[in-house]
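Asks: Following this message is one structure expressed as structure tokens.
The values are calculated or read from the model by the stated rules, or taken from the named source; none is laboratory data. All values reported here derive from a predicted model rather than from experimental measurement. Cβ sites come from the backbone with ideal geometry, for glycine too, and all protein chains shown count toward neighbours.
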Amino acid sequence: MADSVLASTPDLSRDSDLPAHVQIEQWLMKAISKGDLVPGDKLPREQQLATALGVSRMTLRQALASLAGRGVLKRKPGRTGGTFIAQPKIECDLTGLAGFTEQMRRAQLRAGARRISASTQPAIRAAAKALGLEPGAPVHEVVRVRSGDGEPLALERSYFPADTFPDLLSHRLSGSIYDVLTRRYGQTPYTANESLEPVIATAEEAGMLGIEPGAPLMLIERIAFTAAGLPVEFARDLFRSDRIRISIRTGIGDAARTQIASAVDGEPSSA
């Protein structure tokens, strides 16, 4: 943390309606928004910072814990650890069916893919059910680590029906596979059923993503369909929760809009 920021510690007025820890949070957030603190900056030791602010370490820890929980700060244990300003999270919008490459383009990051494995094998039960295949039907399994500007962000495990995409594995798989499905086979993923579940990283997953075992991940399970309703992909993607924020835009359904319009017009609702 820059000396200039420590020199401009806030006056934690006891007359404020806000608790001291909330005032500290607001001060740190303002310093970040002004650029006085940038990602990677290390905060002073707790005792030094608490003394400068004129608060107890318990009050300071409450503020730091809150900011860490929101992903603003990152705490690292050990002799070389401490409390650091975290990198801002990358927004991934699941509202439309945009692949990882498109999501990184929107975030103005260069998407990358490192292939871990690619093989044709009998479909596991979940993949066969999702893709509408007979148990044991051939599928292509593609496992890749996806990155943004060289930083590992997600571990993808996707299954594609081999009969629909017979020579898929002969293509370069370092970019958008959706582009390959569209250009080579004329099968464009159009809609998807997706579910989200928080999980923790295994030692193997952590090693591939460059994180600690047990770190939080977001599992997104997806079945992608063409406009004609043909299932073309079953995927289980693991995203780093410390670097990715998942967002979904929602709207009011037609039935609800009708009820609201009726209420506004003074007509009775049929609900």
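Asks: If you scan segment 60-76, which residues turn out to be of a type in the set (Lys, Arg) and at pLDDT below 85?
Replies: Matches in segment 60-76: ARG70, LYS74, ARG75, LYS76.
Asks: Kindly provide the set of residues from segment 133-191 that are aliphatic (A, V, I, L, M) and within 21 Å of the chain's Cα centre (by Cα), ordered by number. Talk me through it step by step, then tell me what you get.
Replies: Taking segment 133-191 as the starting set, the residues that turn out to be aliphatic (A, V, I, L, M) are 133, 137, 139, 142-143, 145, 153-155, 162, 168-169, 173, 177, 180-181.
Correct list: VAL142, VAL143, VAL145, LEU153, ALA154, LEU155, ILE177.
For (1) modelled with pLDDT under 90; (2) under 24 Å from ASP242 (Cβ atoms); (3) over 27 Å from the mean Cα position of the chain (by Cα), each residue gets a yes or a no:
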residue: LEU37; (1), (2), (3): yes, yes, no
residue: ARG45; (1), (2), (3): yes, yes, yes
residue: GLN48; (1), (2), (3): yes, no, yes
residue: GLY54; (1), (2), (3): yes, no, yes
residue: MET58; (1), (2), (3): no, no, yes
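Rundown of residues vs (1) in contact with a Ser or Thr (Cβ under 7 Å, 6 or more places away or on another chain); (2) in the same structural domain as LEU97 (by TED's automatic domain parsing); (3) without any contact (Cβ under 8 Å) to a residue 24 or more places away in the chain; (4) under 22 Å from SER117 (Cα atoms), yes/no style:
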{"residue": "ARG144", "(1), (2), (3), (4)": "no, yes, no, yes"}
{"residue": "ALA154", "(1), (2), (3), (4)": "no, yes, no, yes"}
{"residue": "LEU168", "(1), (2), (3), (4)": "no, yes, no, yes"}
{"residue": "LEU196", "(1), (2), (3), (4)": "no, yes, no, no"}
{"residue": "VAL199", "(1), (2), (3), (4)": "no, yes, no, no"}
{"residue": "THR202", "(1), (2), (3), (4)": "no, yes, yes, yes"}
{"residue": "VAL232", "(1), (2), (3), (4)": "yes, yes, no, yes"}
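Asks: Looking at GLN108 and the list (1) within 28 Å of ALA162 (Cα to Cα); (2) over 14 Å from the mean Cα position of the chain (by Cα), which single condition is not satisfied?
Replies: Every listed condition holds for GLN108 apart from (1).
Asks: For segment 112-127, state whether one or more residues are closer than 21 Å to SER158 by Cα, surrounded by 17 or more Cβ atoms within 10 Å (Cβ to Cβ), modelled with pLDDT under 95 and assigned by TED's automatic domain parsing to the domain that holds ARG222. Full working, then the answer.
Replies: Kept after step one, since they are closer than 21 Å to SER158 by Cα, are these residues of segment 112-127: 112-127.
Restricting the remaining residues to those that are surrounded by 17 or more Cβ atoms within 10 Å (Cβ to Cβ) gives 112-113, 123, 127.
Applying the additional criterion that residues be modelled with pLDDT under 95 yields 112-113.
Those still in the list that are assigned by TED's automatic domain parsing to the domain that holds ARG222 too: 112-113.
Yes, segment 112-127 contains at least one residue that is closer than 21 Å to SER158 by Cα, surrounded by 17 or more Cβ atoms within 10 Å (Cβ to Cβ), modelled with pLDDT under 95 and assigned by TED's automatic domain parsing to the domain that holds ARG222.
Asks: Return the residue satisfying two criteria in turn: it lies in segment 204-223 and is touching a residue at least 24 places away in the same chain (Cβ under 8 Å) and touching a helix residue (DSSP H, G or I) at 6+ places or on another chain (Cβ under 8 Å), and of such residues it is farthest from ALA130 (Cα to Cα).
Replies: ALA215
Asks: With respect to ARG110, is the statement that it is touching a helix residue (DSSP H, G or I) at 6+ places or on another chain (Cβ under 8 Å), in contact (Cβ under 8 Å) with a residue 24 or more places away in the chain and of a type in the set (Lys, Arg) true?
Replies: Numbers: touching a helix residue (DSSP H, G or I) at 6+ places or on another chain (Cβ under 8 Å): yes; in contact (Cβ under 8 Å) with a residue 24 or more places away in the chain: yes; of a type in the set (Lys, Arg): yes.
It is true that ARG110 is touching a helix residue (DSSP H, G or I) at 6+ places or on another chain (Cβ under 8 Å), in contact (Cβ under 8 Å) with a residue 24 or more places away in the chain and of a type in the set (Lys, Arg).
Asks: Report, by residue number, each residue of segment 115-141 that is free of Cβ contacts under 8 Å to residues at least 12 places away in the same chain and touching a helix residue (DSSP H, G or I) at 6+ places or on another chain (Cβ under 8 Å).
Replies: Result: GLU134, single match.
Asks: Might you let me know whether segment 93-103 holds any residue that is loosely packed, with under 14 Cβ neighbours inside 10 Å and in contact with a Lys or Arg (Cβ under 8 Å, 6 or more places away or on another chain)?
Replies: The answer is yes, given that some residue of segment 93-103 is loosely packed, with under 14 Cβ neighbours inside 10 Å and in contact with a Lys or Arg (Cβ under 8 Å, 6 or more places away or on another chain).
Asks: Pick out, from segment 130-246, the strands (runs of 3 or more DSSP E) lying fully within it that include 2 or more residues that are small (Gly, Ala, Ser).
Replies: Passing ranges, in order: 138-148, 151-161, 191-200.
Asks: While we're looking at this one, here's another question. One residue is enough: does segment 152-160 have a residue meeting the conditions at pLDDT 95 or above, surrounded by 12 or more Cβ atoms within 10 Å (Cβ to Cβ) and among the polar types (S, T, N, Q)?
Replies: yes
Asks: Another question about this same structure. Working only within segment 15-60, note down all residues that are in contact with an Asp or Glu (Cβ under 7 Å, 6 or more places away or on another chain) and surrounded by 15 or more Cβ atoms within 10 Å (Cβ to Cβ).
Replies: LEU60
Asks: Test of understanding: among GLN87, GLN62, which residue is polar (S, T, N, Q) and either under 25 Å from the mean Cα position of the chain (by Cα) or in the same structural domain as MET208 (by TED's automatic domain parsing) (or both)?
Replies: Details: GLN62 fails: either under 25 Å from the mean Cα position of the chain (by Cα) or in the same structural domain as MET208 (by TED's automatic domain parsing) (or both).
None of the others qualify; the one that does is GLN87.
Asks: ALA63: farther than 19 Å from ASP237 by Cα, aliphatic (A, V, I, L, M) and surrounded by fewer than 17 Cβ atoms within 10 Å (Cβ to Cβ), yes or no?
Replies: No: the conditions fail for ALA63.
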